[in-house]
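Right, one structure below, let's go through it.
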Amino acid sequence: MTNKDLIERARNADLAKYLLMRNEPLQKIGNRHQHKLHDSLVFVGCFYFWNSRAEYAIDYLTRHLNMDFREAIQEKENPPSQAYFNTLCNSPLLLKKIA
């Protein structure tokens, strides 16, 4: 697998399921997960939305879990518990930015 493929898989991972494995305080609301400490922080598939910004899963790991890019990619390949993080975002449509 090339680095480009690895990065693409990490970007498209189901972020909420990964964060639940890390014991982040999320609650499921419909097809979304909302952070219990920040109600404006919402996770849907491989995207997260916070203050009207939509970003990829890997961006969350680097910006909010203080991982460097290489560490975030390695974390994706070797998650803290189960290998679920290999699941790709299966949404057939791209999500729009929340306005």
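No lab work stands behind these numbers, since they all come straight from the coordinates. Just so you know, these numbers come straight off a predicted model, no measurement behind them.
Worth a mention:
- Within straight-line reach of Lys17, meaning a Cα separation under 20 Å, sit the following aspartates and glutamates at least 8 residues removed in sequence or on another chain: Glu8, Asp39, Glu55, Asp59, Glu71, Glu75, Glu77.
- Length gained on full extension, Asn31 to Asp68, computed as 0.36 nm times the residue gap minus the Cα-Cα distance: 10.4 nm.
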